[in-house]
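What follows is one structure encoded as structure tokens, with my remarks underneath.
The values are calculated or read from the model by the stated rules, or taken from the named source; none is laboratory data. Note that the coordinates shown come from a computational prediction; the quantities given were computed from them, not determined experimentally. Areas reflect the complete protein model, heavy atoms only, side chains present, ligands, DNA and RNA absent. Shrake-Rupley method; radii C 1.70, N 1.55, O 1.52, S 1.80 Å.
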Amino acid sequence: MEELISFLAFFGTIFGIAYVFLTTRNKERLALIEKGVEASLFNTKGSKFSIAKFILNIALLFMGIGAGIFFGNYLAISMDMNEDVMIPSMLFIFGGLGLVVGFFITRALESKEE
């Protein structure tokens, strides 16, 4: 029974956040239109979503996580350290490094496209 309640609470929260975000955005846009602001304000100037860049970042994250697990296990065995501390710490360090590398690669790809 507790699983059902937590499941419903989780998806209810996600639905509530999405609902508030979309209705607020709609109300703001309607208020700007009533004041006579140009519609060009609503055009986004950011870069478009690219599935290739997303997959690259996810792949680098998972590679970092795998390297963190391997390196943490290696340190725990070779240096006789606590495995419960070494593996999670290396997992976060190498996962973060993978995300940083993904950021710089994505930024270089975006600058090359322009």
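Structure remark: mean-square fluctuation, Gaussian network model of the chain, C-alpha springs under 10 Å; the largest value among Ser50, Ser40, Ser89 belongs to Ser40.
Taking only the C-alpha atoms of the chain, Rg followed by Dmax gives 22.2, 69 Å. Using the 1.4 Å probe convention, the accessible area of the chain works out to 83 Å² per residue with neighbouring protein chains retained. The value of relative contact order for the chain, using C-alpha pairs under 8 Å at least six residues apart, is 23 percent.
What a 1.4 Å probe finds exposed on the chain is 71% carbon and sulfur by accessible area, rounded to a whole percent. 3J(HN,Hα) along region 83-95, derived from phi through the Karplus expression 6.51 cos²θ - 1.76 cosθ + 1.60 where θ = phi - 60°, amounts to 5, 5, 9, 5, 5, x, 5, 5, 4, 5, 5, 6, x Hz, with x in place of Gly and Pro. Full extension of the chain segment joining Phe7 with Leu56 gains 14.5 nm, where the gain is 0.36 nm per residue of separation less the Cα-Cα distance.
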